[in-house]
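Input: a single structure, listed below in C-alpha cells.
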Amino acid sequence: MVQWRGRRKSGNIVDVRGGQSGRSRGGRRGAVAGGSLGCGTLIVVLIAVLLGADLQSILGLVGGSQQQAQVDQQPTATPPSDDAGEFTSVILASTEDVWNQLFRASGYQYAEPRLVLYTDQVRSACGINGAATGPFYCPADQQVYIDLSFLRELQRLGAPGDFAFAYVVAHEIGHHVQTLTGVSQQVSQAQRRSSQSRANQLSVLLELQADCYAGVWAHYADQDGYIEPGDIEEGMQAAAAIGDDRLARMSGRPIQPDGFTHGTSAQRMQWFRTGYQTGDTDSCDTFR
C-alpha cells in the first residue's frame, strides 16, 4: 500500500466533481513546443534537453516554432477532501517533486501541470470527453483529466490496488513531460506525414515512453518512502492490464498489431520496469 497519508498535497489539483462542468483551462508556465522533426531525431532532442542543451537553439535549427497556450479564467473549485481525491493530490505532488528535481538537474524549470477531477464528462481544450475515455492528458491546455470511476475500471481489468492508480497518474504526467520537451509535438507532425500503420507505431512509442517515465517517477518515489513491498508489482499488473493485446482479447476482438496505439502488455511492463530500475530518463529511448 502506498504510504501517502500525511504527505504534501499538490496545489495544482482542481476538483470539479459534483456538478461543475465546462472547460477548465490554465496557462503554460515556461514550456516550449518542438518543431517538425523526422522520427529519427525525436529522441536526440529529448536527451539533449534532459542533459541541459538549449532547446530553443535545437528547435531553431530544424525550423521549429513555439506555441503558447492562452491563460484563461480558472474554474472555481476546492481541493478534494475524499480519500481518492486526496490520494490523487499526493501522487501529483510526488510527481512534481521528482520532475522538478530532474529538470533542475538539467538546467531547466519544470512547468507543473494541473490535474482536473471530474465526473462523467468534461470539456477541455482537446474537446469534450466522457468517463469512458479514461484518464487523459490534453497538450493544448497542459492538464490531466481523471474521472475517479476509473479506479473501478482498473479493478475490473484485474489491476486493483492504490499503486496501480498511482502508475496511471504518473503515466499521464509522463505525457506532460513529452509536451515540455517537444517530443509530443514532433510525433504529431510525423504522424500527419505517415500512413495510418506508421502513425499507430509512433503512438505506441509515445505511450511506451510515458510508461517508462512513470517508472522513473516510481524509482524516486521508492527512495522517498512512498512505496511498500508489492506496490511495484501492482504497477506492473496495471501496465499489463491495459495492453492493447489484452484489451482486444477481453473484448473478443482479433489481435491486430498494426492497429495498436498503446503497446502490448509485455511492452508496457518492460518499459515501466526499465524506468523503475534505472531511474534514468535516458533509458526511456523507445524511439531508437
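Go over the candidates ALA199, ALA210, ALA238 one by one and state the one that is farther than 18 Å from VAL98 by Cα and touching a residue at least 12 places away in the same chain (Cβ under 8 Å).
ALA238
Where residues in the stretch 103-141 are open to solvent by less than 40 Å² (accessible area, probe 1.4 Å) and of a type in the set (Ser, Thr, Tyr), which of them is nearest to GLN185 (Cα to Cα)?
First pass over the stretch 103-141, keeping only residues open to solvent by less than 40 Å² (accessible area, probe 1.4 Å): 103, 106, 110-111, 113-118, 122, 124-125, 127, 129-131, 134-138, 141.
Among the residues that remain, those that are also of a type in the set (Ser, Thr, Tyr) are: 106, 110, 118, 124, 137.
Numbers: SER106: 21, TYR110: 17, TYR118: 26, SER124: 18, TYR137: 13 Å.
Here the answer is TYR137.
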Handout entry: Matching residues, the stretch 264-288, being touching a residue at least 24 places away in the same chain (Cβ under 8 Å) and either under 8 Å from VAL216 (Cβ atoms) or hydroxyl-bearing (Ser, Thr, Tyr) (or both)
Key = SER265, THR274, GLY275, TYR276, THR278, GLY279, ASP280, THR281, SER283, CYS284, THR286
Completion exercise
Flagged in the stretch 245-288 as within 23 Å of GLN196 (Cα to Cα), open to solvent by less than 60 Å² (accessible area, probe 1.4 Å) and either in contact with a Cys (Cβ under 9 Å, 6 or more places away or on another chain) or modelled with pLDDT under 90 (or both), in numbering order, are ASP245, LEU247, ALA248, GLY259, PHE260, THR261, GLY263, THR264, SER265, ASP285, THR286, PHE287
Fill in the blank from the handout: Of (1) under 24 Å from LEU151 (Cβ atoms); (2) in contact with an Asp or Glu (Cβ under 7 Å, 6 or more places away or on another chain); (3) aliphatic (A, V, I, L, M), VAL116 satisfies every one except (2)
Exercise for the section: Kindly check whether there is at least one residue in the stretch 215-225 that is without any contact (Cβ under 8 Å) to a residue 60 or more places away in the chain, open to solvent by 30 Å² or more (accessible area, probe 1.4 Å) and touching a Leu at 6+ places or on another chain (Cβ under 7 Å). Expected result: no
Fill in the blank from the handout: Taking the stretch 147-167 and the residues there that are open to solvent by 10 Å² or more (accessible area, probe 1.4 Å), assigned to a helix (DSSP H, G or I) and not polar (S, T, N, Q), the one that is farthest from PRO113 (Cα to Cα) would be ARG156
Handout entry: Restricting the stretch 78-102 to residues that are open to solvent by 40 Å² or more (accessible area, probe 1.4 Å) and assigned to a loop (DSSP other than H, G, I, E, B), the residue that is modelled with the lowest pLDDT
Key = PRO79
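The values are calculated or read from the model by the stated rules, or taken from the named source; none is laboratory data. What you see is a predicted model; the values in this text were computed from it and never measured. Note that we place each Cβ from the backbone using ideal geometry, even for glycine, and neighbour counts take in every protein chain shown. These area figures cover heavy atoms from the full protein model, side chains too; ligands, DNA and RNA do not enter into them. Shrake-Rupley method; radii C 1.70, N 1.55, O 1.52, S 1.80 Å.
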